[in-house]
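Engineer: Can you keep this structure in mind? I'll have questions shortly.
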Amino acid sequence: MLNIIIFDMKLFTRKSKKEKLQKQYRKKLEEAYKMSTISRAKSDELTYQAEQLLKEIENEN
């Protein structure tokens with residue numbers, strides 16, 4: 001029962017800006033990895049975008 005209550009609370013809590021940026025960062029890196037076998041230029045672009053997100057995350061601290 002307690003697990004359900006905790007889960008429900010997590011569902012309704014808002015994510016901080018830092019958490020949102022971290023999620024975007026992970027997604028960009030995953031996309032870059034997938035694109036690395038298809039298009040090197042696109043992979044490099046996504047990696048660059050991920051690095052920019054990382055800089056934003058570091059500035060949030």
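Read-outs throughout are calculated quantities, based only on the coordinates presented, and are distinct from any laboratory measurement. Everything quoted here is computed from the prediction, not taken from an experiment. Cβ atoms come from the backbone with ideal geometry, glycine included; neighbour counts cover every protein chain shown.
Engineer: Return the pairs, sorted by first residue and then second, in which the second residue is assigned to a helix (DSSP H, G or I) and surrounded by 11 or more Cβ atoms within 10 Å (Cβ to Cβ), the first residue lies in the stretch 37-52 and is of a type in the set (Ser, Thr, Tyr), the beta carbons are less than 7 Å apart, and the residues are 6+ apart or on different chains.
Structural biologist: Ser43/Ala32; Ser43/Met35; Thr47/Ala32
Engineer: Which one is farthest from Lys18 (Cα to Cα) among residues in the stretch 28-58 that are small (Gly, Ala, Ser) and crowded, with 16+ Cβ neighbours inside 10 Å?
Structural biologist: Taking the stretch 28-58 and keeping what is small (Gly, Ala, Ser), we get 32, 36, 39, 41, 43, 50.
The next check asks that each one be crowded, with 16+ Cβ neighbours inside 10 Å; those that pass are 32, 43, 50.
Details: Ala32: 21, Ser43: 24, Ala50: 14 Å.
Ranking the candidates gives Ser43 first.
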